[in-house]
Amino acid sequence: MGWPFIGETLSFFKPHRSDSIGTFLQQRVSRYGKVFKSNICGGKAIVSCDQELNMFILQNEGKLLTSDYPKAMHDILGEYSLLLATGEIHRKLKNVIISFINLTKSKPEFLLCAENLSISMLESWKNCHEIEFHKEVKMFTLSVMVNQLLSIKPEDPARCYVLQDFLSYMKGFISLPIPLPGTAYTNAIKARKRLSARVMGMIKQREHEGEEMKKSLREEDFLDVIISNEDLNYEEKVSIVLDILLGGFETSATLLSLVVYFLAKSPNLLHKLKEEHEAIRAKKGDGELLNWEDYQKMEFTQCVMSEALRCGNIVKTVHRKATHDIKFKGYVIPKGWKVFPIFTAVHLDPSLHENPYEFNPMRWTDKGKMNKKTTAFGGVRVCPGGELGKLQIAFFLHHLVLSYRWKIKVDEMPIAHPYVEFKRGMLLEIQPTS
């Protein structure tokens, strides 16, 4: 169980390659099996690397288990974050976010925005030999989201301030809650306050605008929809905006970087992907933009993204707590114990996946079968914005594979902190294809 109070927390969260389960889990699983007990985040805990138990945990949230994130995350995200909220509040907030996804994903304005920003970013690399890809695509995905959500245009300086605050925000999630100046925890709290104040200011400003002024200033965006929702208080409105921005930019940028990382190591797969996009482009007029029907033709692209999620593991685990004594497959999880279902272990389990460490998108040709063997997101908290993120990535990849060749640094690797970063920031050597 490790040291008193701190237990095995530091070993459990120690950074490791995100395309591996890490030394801590390797040692524990080989010694105790796929389900074992520990002391993590100040309490007794069950760690599960078992696919069936993981699905049981996810599917029984709100019945036998509840969300149980550390104090630092509560302080940073606020009580109305979708990640932390439970019960009726969680359902209400999730429904608002799903309405944003459904309104946005096939909207011509969203597709146009995602594609134009892709083209613009790739154009800006024309005279570059080397780029910090992960940093660049974070700006791309954030630009798409703030444009659709808040009508912040790419040329608006606010975009850069919002990105900077979100990066500070992320670093605080895994920090110790030490309220001293300069710590990651304090910086994240301050960043959240600045972001909240910015969004609250926009809400108040719009509430004072007349209908005619609104129409003359911009098209209706989702912030207008949130403001008009009378079931939400101000804090909930702000929290929904921050949740959509965080989920929409961070995870999408990370998945895009993982796709480019794995393709750089698999030239045959990159060639196959390029062929799919050349076939789509061949049926378009010169300079004609993509549409929803083109996206639905990107079948191999979908397989590549799904396999990058499986191998790269953007989400390693979630934090749950047992609200009842739970019996499952001969195990007893006592009431009050923390529970950590490890998604990475299931994604890389050799009993579930042939050559699990091999990046092989072709295994996703039977998507139904693969979905049962992966738990990137699941249960009550299935990621509502997954499709929206994949759409942005697919459009960006379309133009990237047709415009550039790239190489990664020899020692590049994705690292789970537990959120995924790259050892060299995904520094790419790029060369135009023509």
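The values are calculated or read from the model by the stated rules, or taken from the named source; none is laboratory data. From a predicted model like this one, the values you see are computed outputs, not experimental measurements. All Cβ positions, even for glycine, are placed from backbone atoms using ideal geometry, and neighbour counts span all protein chains on display.
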*Would you be able to say whether some residue in segment 174-183 is part of a helix (DSSP H, G or I) and either closer than 19 Å to His417 by Cα or of a type in the set (A, V, I, L, M) (or both)?*
no
*Scan of segment 265-323 for residues that are among the hydroxyl-bearing types (Ser, Thr, Tyr), outside any helix (DSSP H, G or I) and buried (at least 20 other Cβ atoms within 10 Å of the Cβ), ordered by number*: Thr317
*Could you please find all residues in segment 1-47 being hydroxyl-bearing (Ser, Thr, Tyr) and crowded, with 19+ Cβ neighbours inside 10 Å?*
Thr9, Ser18, Ser38
*State whether one or more residues within segment 152-170 are among the β-branched types (Val, Ile, Thr) and assigned to a helix (DSSP H, G or I).*
yes
_Top-ranked residue of segment 396-423 - restricted to ones that are of a type outside the set (Phe, Trp, Tyr), within 17 Å of the chain's Cα centre (by Cα) and not in a loop (DSSP other than H, G, I, E, B), ranked as nearest to Phe24 (Cα to Cα)_ = Ala416
*Within segment 306-342, count every residue that is under 27 Å from Met426 (Cβ atoms) and touching a helix residue (DSSP H, G or I) at 6+ places or on another chain (Cβ under 7 Å).*
13
_Complete set of residues in segment 282-305 that are in contact with a helix residue (DSSP H, G or I) (Cβ under 6 Å, 6 or more places away or on another chain) and more than 25 Å from Gly368 (Cβ to Cβ)_ = Leu289, Leu290
*Taking only segment 324-352 into account, find how many residues are buried (at least 24 other Cβ atoms within 10 Å of the Cβ) and in contact with a Phe, Trp or Tyr (Cβ under 8 Å, 6 or more places away or on another chain).*
0
_Check on Lys335, in contact with a strand residue (DSSP E or B) (Cβ under 6 Å, 6 or more places away or on another chain), part of a loop (DSSP other than H, G, I, E, B) and among the charged types (D, E, K, R)_ = yes
*Scan segment 93-140 residue by residue and report those that are surrounded by fewer than 13 Cβ atoms within 10 Å (Cβ to Cβ), part of a loop (DSSP other than H, G, I, E, B) and either at positive phi or free of Cβ contacts under 8 Å to residues at least 60 places away in the same chain (or both).*
Asn127
*For segment 52-91, name all the residues that are at pLDDT 75 or above, aliphatic (A, V, I, L, M) and under 19 Å from the mean Cα position of the chain (by Cα).*
Leu58, Met73, Ile76, Leu77
*Output the qualifying pairs, or none if there are none: Cβ atoms under 8 angstrom, residues six or more apart or on different chains, first residue in segment 269-287 and touching a residue at least 40 places away in the same chain (Cβ under 8 Å), second residue of a type outside the set (Lys, Arg) and not in a helix (DSSP H, G or I).*
Leu269/Phe359; His277/Met298; Ile280/Leu290; Ile280/Met298
